[in-house]
Amino acid sequence: MSISIAIVEDEKNYNNALKKVIDYQNDMKVVAQFFDGSTALKKLSNISPDVVMMDIQLQDMLGIDIIGKLKIEMPNTQFIMCTSFDNDEMIFNSLKAGAIGYLIKGESMDKILSSIRDVYSGGAPMSFSIARRVLAHFEKKTIEIKDLEELTKRETEIVELLSQGLLYKEIADKLFISIDTVKKHVGNIYRKLHVNNKVEAINKFNHFKN
């Protein structure tokens, strides 16, 4: 049984090139081509292909938004982003929306074909540069978690109050301690979180909480 594939790509030459190469394979077939997001959004759920090759920046909408709206309706369909965008925001928004794979345009057709087979078999194919970004993100997150775990209960209370906009004097009054003690705790917070000022400390704390 062949793998059914839909292509959502507004660059017609690239869309048709993908179709030609995919259809040449014995184990896969393109069952639909879409050149804009709105048509794909209307018709994809009725087709429910095994795999969708999805561009991110379509002329009328983001491919990320299409996945977000269709993923619940198409639980058995796997989405692979195939795009020229490789910034962190696009990558993680795509993965959050439900994309399983992320390929950069310019990958060889062999890589694209193997990625389709991989995602169909339960894998999560990514371009090498994208995989490195994802790994770096989680390594950074692990370091941040370790930094925050070093804070004492009192230091955590203080950075929480700082994030709420309280001044040193207000924190001192609320915790029944002196302003000098608050400043000492804040200095320890900066050192443990590897930051240089209050804004950086608050941003790092809130990023971890979220």
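The values are calculated or read from the model by the stated rules, or taken from the named source; none is laboratory data. Quick caveat: nothing in here was measured; it's all calculated off a predicted structure. When we count neighbours, we look across all protein chains shown, and the Cβ atoms used for this are built from the backbone with ideal geometry, even at glycine. The area values use the complete protein model at the heavy-atom level, side chains included, leaving out ligands, DNA and RNA. Shrake-Rupley method; radii C 1.70, N 1.55, O 1.52, S 1.80 Å.
Side notes on the structure shown:
- Net length available on complete extension from Gln164 to Tyr14 is 49.0 nm, with 0.36 nm assigned per residue and the Cα-Cα distance removed.
- Considering every alpha-carbon pair of segment 1-69, the percent of pairs per 5 Å bin, from zero through the bin containing the longest distance, is 4, 19, 30, 24, 16, 6, 1.
- What segment 1-102 shows is 49 Å² of accessible area per residue, with the surface traced by a 1.4 Å probe over protein heavy atoms.
- For segment 1-125, averaging the sequence separation of C-alpha pairs within contact (under 8 Å, six or more residues apart) and dividing by the residue count gives a relative contact order of 22 percent.
- Distance between the pseudo-spin-label points of Ser108 and Asn196 (7 Å out from Cα toward the beta carbon): 4.5 nm.
- Other residues whose C-beta falls under 10 angstrom from the C-beta of Val30 contribute a net charge of +2, scoring Lys and Arg +1 and Asp and Glu -1.
- Label zone at Ser38 (point 7 Å along Cα-to-Cβ), backbone N below 13 Å, segment 64-84: none
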